[in-house]
Amino acid sequence: LETDTLPGAETLLGALSEPAMILAGGIVLAANPAARKALGESLVGEDARRAIPDGAAVERLLVPSSAAIDDVELSGVGEPGRRWLMSARRLGPATLLVRLFDRSEAYAAEKMRVDFVANASHELRTPLATLVGYAETLREEANALDDPTRERFTAIVHDEARRMQRLVEDLISLSRIEAERFSPPRGALSLARLIEQAREGFRRAAEERGSQIVAEVEPDIPPVRGDSGELAQLLDNLLSNALRYGRRGTPVTVRAAAEEGRMVRLSIADEGDGIPAKHLPRITQRFYRVDASRSRALGGTGLGLSIVKHIVERHRGRLVIESEVGRGTTVHVLLPAAPGNGR
Ligand SMILES: Nc1ncnc2c1ncn2[C@@H]1O[C@H](COP(=O)(O)OP(=O)(O)OP(=O)(O)O)[C@@H](O)[C@H]1O
Ligand SMILES: [Mg+2]
């Protein structure tokens, strides 16, 4: 029968995945690989004041006392932008176990939530202010306004109210899709039909721009696993972008083809101004727009692509946006084929 002896501190530290070290008298006595990676390979033997690049936090560790030490936030450790929580426990009068917990993700999620509420309120405030202003004028100066002016004001009130309605509907869509993200759709459906329906729905809008929506659907593509309402909404957003940001008189092409790994590729291509490369990484974020005033003037809320991204994620698919300034944009959506069709 074998029995292990009680492991030493080094072994114990090595078993922890977060950066962990032991400080004695303000000197790093031992450190695990994660700590050396975050704070430098020559960490052991260093003065804690040099090792941890947050002076104020270190000072709190080094005050001689027997009281517990509160956890403290650290920045400036590891890659730029990382956020850590430093937790210290006393092991003896001058000896401390110090661990760093990576809180970057929680911090980013919290920041996103705060930004989202701020952005949404801001987007609602602008049309609301216009609405209140015109409604007041219409009421208080009803007799002073001639008919054409009154009509113009009423139209503005209506447009702004519609804009708010679209925004609120998009917000509701977004939260509904997000809430369902852990339950992927089960139905099987044909993209060819959805594409036909979407083309039909946009025929007028396309004609008004002197454009055409061209469909190139490979015969015999397998059905995809999807939710028809959500995929219709996805096509709706991508086609409206392609028409809105495409050049007048140029076609918009919708393609669907089978792809390796039991996937189906849906692509929407326009011949518009394109999206400058530096905007691409952020283009699917909520309210992110390359040219906010242009998008707003065209009735956009900046939520379209983020709704698309959430739909693709819920479908366990992939979204790839290719764009070349001056040439146009192609959005590719890869969707898993429905199981059990023999292919
Ligand atoms: N096909 C495209 N060509 C060029 N720019 C595009 C294209 N699609 C999207 N963009 C850019 O990305 C931004 C975000 O698109 P998104 O669809 O999320 O919002 P939107 O179109 O402004 O508003 P909406 O909520 O009505 O869709 C747009 O404002 C535009 O700047
Ligand atoms: Mg859009």
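The values are calculated or read from the model by the stated rules, or taken from the named source; none is laboratory data. What you see is a predicted model; the values in this text were computed from it and never measured. Every residue, glycine among them, receives a Cβ derived from its backbone with ideal geometry; neighbour counts consider all protein chains shown. Protein only, heavy atoms only, side chains kept; ligands, DNA and RNA dropped before computing areas. Shrake-Rupley method; radii C 1.70, N 1.55, O 1.52, S 1.80 Å.
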Counting only heavy atoms of the protein chains, get the accessible area per residue of the chain (1.4 Å probe) and round it to a whole Å² value.
58 Å²
Testing the spin-label approximation: label points 7 Å from Cα along Cα→Cβ at Ala94 and Asp47. State their distance in nm.
1.5 nm
What is segment 242-308's relative contact order, in percent, from Cα pairs under 8 angstrom and six or more apart in sequence?
25 percent
Mean shadow of segment 25-173, computed from the convex hull of its alpha carbons, in nm²?
14.7 nm²
Let me spell out the model: positive unit charges on the Cβ of Lys and Arg, negative unit charges on the Cβ of Asp and Glu, origin at the Cα centre of the chain. What dipole size does that give, in debye rounded to 20?
300 debye
When the label point is put 7 Å from the Cα of Ala67 along its Cα-to-beta-carbon vector, which residues of segment 80-101 have a backbone N closer than 19 Å?
86-97
What are the extents of the Cα atoms of segment 275-330 along their three principal axes, listed from largest to smallest and rounded to whole Å?
33, 24, 16
In sequence order, calculated HN-Hα J values of segment 61-77 (Karplus, 6.51, -1.76, 1.60; Hz; x Gly/Pro):
6, 8, 5, x, 5, 10, 6, 5, 9, 5, 5, 9, 7, 10, 10, x, 10
Hits among lysines - C-alpha to C-alpha of Lys37 under 28 Å, sequence gap 8 or more where chains match
Lys111
In whole angstrom, the spacing between the Cα centers of segment 162-241 and segment 247-267 equals 13 Å
With the 8 Å Cα cutoff and a minimum separation of six or more residues, segment 12-139 has a relative contact order in percent of 20 percent
Karplus 3J(HN,Hα) series, Hz, for segment 31-47 with 6.51 cos²θ - 1.76 cosθ + 1.60 (x for Gly, Pro):
8, 8, x, 5, 5, 5, 5, 7, 10, x, 5, 8, 5, 5, x, 7, 6
Can you give the relative contact order of the chain as a percent, counting alpha carbon pairs under 8 Å and 6+ residues apart?
12 percent
Spin-label model distance (nm) - His158 vs Glu260, 7 Å beyond Cα toward Cβ:
5.5 nm
